[in-house]
Amino acid sequence: MTTRADPALGKPSGTPAQALGAVLLQHPLLRPAAALTLLLVLDAMLLPGFFRLEIKDGHLYGALVDILNRAAPLMLAALGMTLVIATRGIDISVGAVVALSGAVAATLIGGTMVIHEGVPAYVANTPMGVALAAAIGVALLCGLWNGVLVAAIRLQPIVATLILMVAGRGLAQLITDGQIVTVYYQPYFFLGSGYLLGLPFSLYVVAALFTLTLLLVKKTALGLFIQAVGINPVAARLAGLRTATLIVLVYVFCSACAGMAGLLITSNIKSADANNAGLLLELDAILAVTLGGTSLAGGRFSLAGSMIGALIIQTLTYTIYSLGVPPEVNMVVKAIVVFVVCISQSSEFRQLLKKRTA
Amino acid sequence: MAQATPPVLEVTGIHKQFPGVRALCDAGLRLFPGEVHTLMGQNGAGKSTLIKVLTGVYQPDSGSVHLDGRPIRPRSTQEAQALGISTVYQEVNLCPNLSVAENIFIGRYPRRFAHRFGPVDWRAMRRQAAELLKRLQIDIDVSKQLAHYPLAIQQMVAIARALHTDAKVLILDEPTSSLDEAEVQTLFGVLRRLRAEGMAILFVTHFLEQTYAISDRITVMRNGEREGEYLCAELSRLALVNKMIGAVGDTAAVDTAAVDTAAVDTAATDVESSGAADTPARGGDVFLAARGIARKGVLRPIDLDLHRGELLGLAGLLGSGRTETARLLFGADKADSGSIEIRGRRVRLANPRDAIAQGIAYCSEDRKHEGAILPLSVRENIVLALQARLGIWRAMPMKRQQQLASDYVKWLGIKTASIETPVGSLSGGNQQKVLLARWLATEPGLMILDEPTRGIDVRAKQEIMDYVSALCRKGMSILFISSELPEVLRVSDRMVVMRDRSACGDYRRGELDETSVLQAIAGEGA
């Protein structure tokens, strides 16, 4: 894949068709999209009926829908992580924030059964709107904490967010009293497992947040500013950017995305598990961003790439489980695929390959 | 110092060529035991390259280095150190989180049982570290973290580390650039003691005062060549400055090497004649007035007035406080004291944003690290400062960005494949023009240009100076900083000379003459 693409780089050819081809080959999304396609083709061959979609009870069912639905929390986390990484930062507290926001929402809503005119009904302890706002509010505070540690106190991002990675899960356990809090409140389940117009509701959440972020990045100066700060913070400051504010904002946004992911997860499993909710989600999110072609060195970033990256990870998981590979092997297979994709993005490796083939 | 003793280090006929640049040409140096020898020269004169050859970082293309009469050719700093050439670099490259003793012995901890796999002998290490420092007459607790001590002490620790091996030659590459007055004196005390012990010390600095305070002998470099070797006592300051920058009339010698001499000559005459034509007394009311702005260890209090439409040149050697002044005026660094008035109103410049809001622009001397954002496109680089002032929400429409960028590309003659080309793939001169465009787009009242013509070709250099003059005629104030004295003399309406971190002379255009400026730079009363 890599060797074929390279000779075309930087040489726009004569005919329009060739020129278009060259542009496509240079497109940063080429590699992640090709990897995902490859994986899907593999699935189509290995798993009969992989692409089959059917409508049951007005809902769309099928492997593809399942993958999208399960990838939703990861896609949200990857969205926020992309912007953080673009500023040359990293946020490893994402999983903890997921647990925290889930714990807040689940504890506040809780739910008790009341018999109303002979019909049993579940009632939330706190109005759902308040509970959701509180969960997202806590996530925003987490982001503020991370952002201030990085931008004002100048801790290294990985150290700064490590604090919350440990403390956040602890706090979540305090909130849930160390128990798994089960939610008994129908409307809350809609978030993570409801359907709207035949598609899982979580997909609408992801689509909305993705579109919003894309607009924010493209239609305001945010995209330019984030790249400038990520590539050269000194020059960006001298050009008059509020670099510190920008960095705080980015961490706040990342935590908000994680908080939203936490709501989807707790709603989907109808309970908050402070110990396991979102466990290692940050690593998958970082992986999704990397697979999507955004460099950990900051600067140029691709939100769409990160979404594709998240889908690659989820498709891979789905494939492994569907093939009946023992779960213990799952991690190894994942590691191998990640290794291959990452190494194909390394320019050093490509040069090495070129030298060998030349 | 007697000529009878042979030099401990003798370097002759060193050539070093980098792609497109001749860094050293027949460079040489002699170091005698028991002397402090200062290496002086402008930026780009080849001092650092020569030192890197001595310390094994670079391999010379030709030439020889003799240590104690034996030819050597170090291939790495470790090898050079083993031979007896120790170096203390400009930036203190120690580990602030380790103890003083650990820093001195890093990579060669004393071991017990005299075996390299033996456990570390901490007590011996502390004792030896304390002894080494005592040799420098410094008595500190060596088990404390290095970061606990001020920069000057850290510098001494770096020297102690360099002395640990049996050093015959000690090279100090601008050791005083971040030290304050008292700290410099402490350092000099140490150097004098080492000199008395017979050490040959090579000292690289930009500060004339310090050169004369400590040196026995001076080697001046210019354009990669050895200009000459002088006994300190026999070389006046004026003569030294003259030798460093070349005679003022001799433009070709001052402009950077590897440049077509004919082109420079014509360029110089062109600008000179046009400069003479448009010298109506520019300068209306005061745009900016700085009173006693200072920053500890960086700049002594300085007063500065900048009039509307005035081109004020800031001359002086590197390290004289030119860039430091510019950074204070732009809010890039905070002043410890003093006040700044802009258009008659007192302002607070705590960060670049404040300064930009007041209509100040700053083209840094360090284009790559403090100016251009290399992977971003020409368009993105040009709109950045203006967009930063507009804020996140009031994004300029793409049409307007493209218009702005292509206007400046056309007007400044920026050579680029398109406005979407990454700035990193442009030549230095064109990158500089992009930065100029970035600031012009903000329509500043005062533009600070710090070495805007450094490292760019003659043509671009002249073009940039032409725009600068044109802007001035339109009423913009310009603070122009350059190491190239002829350039400053040519374009300035007024000139402030800086020396040793403070201003020492203020000349109006009529009074500008090379001799007095040179004398001011050198620090000799007229």
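Please treat every number below as a calculation from the coordinates, not as lab data. Small disclaimer: the values here were computed from a predicted structure and weren't measured. Every residue, glycine as well, gets a Cβ built from its backbone with ideal geometry; the counts of neighbours run over all protein chains shown.
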Relative exposure of A:I265, B:I419, judged by other C-beta atoms within 10 Å (fewest first): B:I419, A:I265
Which of the listed residues, B:F207, B:L440, B:H307, is farthest toward the dipole's positive end in chain B, when Lys, Arg count +1 and Asp, Glu count -1 at the beta-carbon? B:L440
Give me the angle, in degrees from 0 to 90, between the Cα long axis of helix A:128-151 and the longest principal axis of the Cα atoms of chain A, rounded to the nearest 10. 40
Compare the Cα positions of B:V157, B:Y58, B:F105 along the charge dipole of segment B:9-254 (+1 at Cβ of Lys, Arg; -1 at Cβ of Asp, Glu; about the Cα centre) and return the one farthest towards the positive end. B:F105
Amide hydrogen neighbours beyond the local backbone of A:G194, cut-off 5 Å, H modeled: A:F201, A:S202
Of all trypsin sites (Lys or Arg not before Pro) in segment B:344-432, the ones in DSSP coil with at most 15 other Cβ atoms within 10 Å are B:R348, B:R394, B:K415
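Can you tell me the dipole magnitude for chain B around its Cα centre, using point charges on the Cβ only (Lys, Arg +1; Asp, Glu -1), in Debye to the nearest 20?
Details: 64 positive and 62 negative charges, 374 e Å.
The dipole of chain B has a size of about 1800 debye.
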3J(HN,Hα) from dihedral phi, segment B:115-121, Karplus parametrisation 6.51/-1.76/1.60, rounded to Hz, x for glycine, proline: 10, 6, 9, x, x, 5, 8
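Please express the shape of segment B:9-254 as an equivalent ellipsoid: the semi-axes are the square roots of 5 times the eigenvalues of the C-alpha gyration tensor, given largest first in whole angstrom.
Working: eigenvalues 223, 88, 46 Å².
For segment B:9-254, the semi-axes come out at 33, 21, 15 Å.
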How about segment B:28-102: which GluC sites (Glu not before Pro) there are in a DSSP loop, with at most 13 other Cβ atoms within 10 Å of their Cβ? B:E91
Can you list the residues, at least 5 places off or on another chain, whose amide H is less than 5 Å from the amide H of B:E225, using H built in the peptide plane? B:C25
Of A:K218/A:K334; B:K410/B:K474; B:K52/B:K168, which pairs sit farther than 25 Å apart, going by alpha carbon to alpha carbon? A:K218/A:K334
With +1 at each Lys and Arg Cβ and -1 at each Asp and Glu Cβ, the charge dipole magnitude of the protein assembly as shown around its Cα centre, to the nearest 20 debye, comes out at 1240
Using only helices, what value at 222 nm comes out for chain B when you add -39,500 (n - 2.57) per DSSP H run of length 4 or more and divide by the total residues, to the nearest 500 deg cm²/dmol? -11000 deg cm²/dmol
What residues have an amide H closer than 5 Å to that of A:V181, excluding those fewer than 5 places away on the same chain, when H is modeled at 1.01 Å from N in the peptide plane? A:A272, A:A274
Pairing the Cα long axis of helix B:261-277 with the longest principal axis of chain B, what angle in degrees results, from 0 to 90 and rounded to the nearest 10? 50
Using +1 at the C-beta of Lys and Arg and -1 at the C-beta of Asp and Glu, which of B:P397, B:G331, B:L512 has the Cα lying farthest in the positive direction of the dipole of chain B? B:P397
Roughly how many whole Å is it from the C-alpha centroid of segment B:58-87 to that of segment B:202-235? 22
How much length is gained if the chain between A:V130 and A:C342 is pulled fully straight, taking 0.36 nm per residue apart and subtracting their Cα-Cα distance, in nm to one decimal? 72.1 nm
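Just want to confirm a number: the relative contact order over segment A:111-158, from Cα pairs under 8 angstrom separated by 6+ residues, in percent. Let's see the in-between values first.
On the way: 20 pairs, mean separation 9.2, N = 48.
After rounding, I find 19 percent.
Just check segment B:123-246 against the gyration tensor rule for me: Cα atoms, a ≥ b ≥ c as the square roots of the eigenvalues, rounded for a/c under 1.5, and otherwise prolate or oblate depending on whether a/b exceeds b/c. Display every interim value, and only then the final one.
Values: a/c = 2.60, a/b = 2.09, b/c = 1.24.
Verdict is prolate for segment B:123-246.
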Within segment A:193-335: Cβ-based charge dipole about Cα centre, in debye rounded to nearest 20 (Lys, Arg +1; Asp, Glu -1): 540
Chain B, relative contact order [Cα under 8 Å, separation at least 6], %: 15
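Divide by every residue of chain A the summed helix terms, -39500 (n - 2.57) for each DSSP H run of at least 4, and state the resulting mean residue ellipticity at 222 nm, rounded to the nearest 500 deg cm²/dmol. Before the final figure, lay out each step's value.
On the way: 16 runs with 246 residues, N = 358.
It lands at -22500 deg cm²/dmol.
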Folded to 0 to 90 degrees: helix B:122-135 orientation relative to chain B principal axis, Cα: 70
Using alpha carbon centroids, what distance separates segment B:432-484 and segment A:134-174, in Å? 45
Relative contact order (%) - criterion: Cα under 8 Å, at least six apart; region: chain A: 29
Straight-line reach from A:K219: which aspartates and glutamates have a Cα under 17 Å away, not including same-chain ones fewer than 8 places off? B:E380
Of B:K47/B:K296; B:K47/B:K368; B:K16/B:K296, pairs whose Cα-Cα distance is over 32 Å: B:K16/B:K296
How big is the shadow of the Cα convex hull of the protein assembly as shown, averaged over all directions, in nm²? 47.2
